Amino acid sequence: MKKILIIFLFVILIGCQSNSNEYKVIVPNGMPSIAQSLVEYNQKEINFSVERVSGPQSLIAAFTSNSHDYIIAPINLGANLYQKGSSYRLAAIITWGNLQFVSSNPINDLSDLEAKEIVAFGEGTINQMIIEMVLNSYDFNTKPTISYQASSTQESMTRFLQDDSLVAVMAEPTTSIAKTMTESFYRLDIANIWLEISGYDNFPQAGVFIKDDLSDYEVTSYLNNLETSLSYSLANPDITGENCESMDYPFSADIISESINQNIIDFKLTSEIKPTINDFYQMIYDFNPNLIGDKLPDDDFYWIE
């Protein structure tokens, strides 16, 4: 019955693709894959083939080989490869600021990080930019020391669990996993601090990049399916967790359900928030131009309906 209900939602709200082509989608594991999981759950009925991957290499290969119709990826990666000749264009944002400081001791604000040792992941990426801008916004008497010894959010969690004197930077759903593995757990949402220092509600992380030979109808059909998936996931976190678990996601249903409730999933077309995205790209450029291909994206980079 659950499967029938979900398919019914797709047919009524959106309608299936009008031809027999199977559209290829690639998405990284984590919050982006959870956000689009309803599309994946019904992929055969709506003519999609969804591939979940870990790490950036498979995403880079997809951008450079034109192997997929739709690529969900970090927005700086898509901009970087666009400057190097990729024809994929940014059509929407689906996940937002997903970083937290995690500690075994209470942390209510940045002052509680005074003189702490912080382990983080993402050196040379947007993560480093966000973390350092946030820490530099506070006038510490003794600044915390930060090292990027972790290669991933999972490794950051491992370091934290091994040494409870550390403060770790993690991302969902790993943060929710860590919460279940220690008796003393506190988190400080970096997105809330970002709002205070930048004036922006959050920072965009994963976007939808579309192949340039798709028609507007094909793009709109997928984006409509995707928006429905995000709305359904937010409204039905428990069912979404069960669906993901049935598709062998590397997280339990309970962890997925809890991570969805952290309010980091939100569908926005680029046409709705292009100035915000441009401002964020400017911040990235000012921090490290190499992260976005040494120049700001031009207007052709954006797919506008």
Here the tail fraction of P(r) beyond 19 Å, over all Cα-Cα pairs of the stretch 176-292, rounds in percent to 63
Residue by residue through the stretch 112-118, the couplings from Karplus 6.51 cos²θ - 1.76 cosθ + 1.60 with θ = phi - 60°, in Hz, x for Gly and Pro, are 6, 9, 3, 6, 7, 9, 10
Computed curve, the chain, Cα-only Debye sum without solvent term, log₁₀ I(q)/I(0) at 0.10 Å⁻¹, is -0.55
In whole Å, largest first, the alpha carbons of the stretch 156-226 cover along the principal axes 54, 29, 17
extent check for the stretch 31-124: Cα max minus min per principal axis, descending, whole Å, gives 51, 34, 21
Taking a ≥ b ≥ c as the square roots of the eigenvalues of the Cα gyration tensor, with a/c under 1.5 meaning rounded and otherwise prolate when a/b exceeds b/c and oblate if not, the stretch 236-305 is prolate
Quick shape check on the stretch 52-181: root eigenvalues a ≥ b ≥ c of the Cα gyration tensor, a/c under 1.5 is rounded, otherwise prolate if a/b tops b/c, else oblate, and it reads prolate
quick note, the chain, DSSP beta bridge pairs, % antiparallel (nearest 5) is 60
To the nearest 10 degrees, the tilt of helix 216-235 (Cα long axis) against the first principal axis of the alpha carbons of the chain is 50
Restricted to the stretch 100-198, the DSSP antiparallel beta bridge percent, nearest 5, is 55
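On average over all directions, what projected area in square nanometres does the stretch 112-169 have, based on the convex hull of its Cα atoms?
Details: hull surface 14.9 nm².
The directionally averaged projection comes out at 3.7 nm².
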Taking the chain, the lysine pairs whose C-alpha atoms sit under 22 Å apart (8 or more places apart or on different chains) add up to 16
Rounded to the nearest 500, the 222 nm mean residue ellipticity computed for the chain from DSSP H runs (n ≥ 4, each -39500 (n - 2.57)) alone is -13000 deg cm²/dmol
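Read the figures in this text as sums done on the coordinates, not as results from a lab. The model shown is predicted, which means the values in this text are computed figures rather than measured ones.
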